[in-house]
């Protein structure tokens, strides 16, 4: 506690209200992606191959093999992450009870287990149509497919998912963000991009024509630069979805791994929020390409959170994670990624913003730079440790033995 009070005073000397910052952090949920726990396998077809430009690399033992194991692993991860939580579920995690049900016929009952689990724990849920790893997406196209029958199937799937999400939101009393990502694209250079994008727009229009209560569900669209096997053209590019969301008042999803390595995602936030009421942010870490590495407390992650806080955008940004690393302990991946996301947000919240803004407005860029650099050596760690204590989660590395014990007693028994 002495370390915290000393740190708190250091920040107060620069005009920072640490207590207010901790309250804001506690009230800002991070949505954990369910697919980290089983390498995007889902419950439809155990052991089925991933398609649609997605690849989970590694074979670390102990991945979840079904809903009970996946939710137990999430329970452990959530107990080690301070603050507010949500869980993001893909449609392929439907619980079908041994019945053969295709994705266009899913209903809320196939996700009742997720809703009951979330309600018991006070969690919010988010949702995603699964437009990959399916016979009707095998050639790489879904909503932009040239075959009308294939398009209609995916349109029905999209409508079904929005209805499911709306009912999830109603039952939980928490708005669900339903994020659409379609892998549609070409390995080699196409000659008629226009036709595919016209069909994509028409399909989305049909899906969104079905009215869903905005208090229960809001729709997001996620762009991607390229995918494995879709290197030359992605139909749902950044510009396509930016235009579509602005035209149709939808939520734009920005994924940290879905842009060119030399692009600065943080710079896009203030640009799109100038014209959109809200965005969805997928925090990830691309290494040379969209490789979905576990979130690190790196410059990119810090820059994202700094931009959100500096621009007073926190109430307009939904924060979730999107990575799947099968090369390390999957529960550790969740905890590392979520805690780093929160650490980056806390660092942004306790930045001496008012003083920095004043210096910038006065044109004193020298002192602004000096203060930014000096702030990097302030005792942030003591503030983070106090946040963990107040939320009854382990401080520092104390959480690691808990996961290693679970691995020894539970994960090692999974074959």
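The values are calculated or read from the model by the stated rules, or taken from the named source; none is laboratory data. Remember, predicted model here, so these are calculated numbers, not experimental data. Here the Cβ positions follow ideal geometry from the backbone for every residue, glycine too, while neighbour counts run over all protein chains shown.
Things to note:
- If the condition is being closer than 22 Å to residue 212 by Cα and buried (at least 23 other Cβ atoms within 10 Å of the Cβ), then region 142-161 contributes 143, 154, 157, 158, 161.
- Any hit, region 171-188, residues being farther than 20 Å from residue 145 by Cα, part of a helix (DSSP H, G or I) and in contact with a strand residue (DSSP E or B) (Cβ under 8 Å, 6 or more places away or on another chain): yes
- Residue in region 316-334 that is under 24 Å from the mean Cα position of the chain (by Cα), closer than 25 Å to residue 252 by Cα and without any contact (Cβ under 8 Å) to a residue 60 or more places away in the chain present: yes
- Selection count, region 109-127, where residues are under 22 Å from the mean Cα position of the chain (by Cα) and either on the phi > 0 side of the Ramachandran plot or buried (at least 16 other Cβ atoms within 10 Å of the Cβ) (or both): 12
- Counted residues, region 47-103 - those being closer than 16 Å to residue 116 by Cα and not in a loop (DSSP other than H, G, I, E, B): 14
Conditions (1) touching a helix residue (DSSP H, G or I) at 6+ places or on another chain (Cβ under 9 Å); (2) within 28 Å of residue 40 (Cα to Cα), marked per residue:
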position	(1), (2)
307	yes, no
311	yes, no
317	yes, yes
338	yes, yes
371	yes, no
374	no, no
389	yes, no
407	yes, yes
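- Of all residues in region 352-378 being surrounded by fewer than 16 Cβ atoms within 10 Å (Cβ to Cβ) and within 30 Å of residue 84 (Cβ to Cβ), the one that is nearest to the chain's Cα centre (by Cα): 376
- Candidates 291, 203, 270, filtered to the one that is over 18 Å from residue 31 (Cα atoms) and in a loop (DSSP other than H, G, I, E, B): 291
- Any hit, region 62-79, residues being surrounded by fewer than 21 Cβ atoms within 10 Å (Cβ to Cβ), closer than 13 Å to residue 335 by Cα, at pLDDT 95 or above and under 17 Å from the mean Cα position of the chain (by Cα): yes
- Residue in region 106-124 that is more than 30 Å from residue 385 (Cβ to Cβ), in a loop (DSSP other than H, G, I, E, B) and at pLDDT 95 or above present: yes
- Close pairs (9 angstrom Cβ cut-off, 6 or more residues apart or separate chains): at negative phi and without any contact (Cβ under 8 Å) to a residue 40 or more places away in the chain in region 206-220, in a loop (DSSP other than H, G, I, E, B) and crowded, with 19+ Cβ neighbours inside 10 Å anywhere: 214/175
- Test set (1) surrounded by fewer than 18 Cβ atoms within 10 Å (Cβ to Cβ); (2) at pLDDT 95 or above - residue 130 fails condition number: (1)
- Number of positions in region 232-248 that are in contact (Cβ under 8 Å) with a residue 40 or more places away in the chain and either more than 28 Å from residue 168 (Cα to Cα) or assigned to a helix (DSSP H, G or I) (or both): 7
- Within region 212-231, the set of residues being more than 30 Å from residue 174 (Cα to Cα) and not in a loop (DSSP other than H, G, I, E, B) comprises 227, 230.
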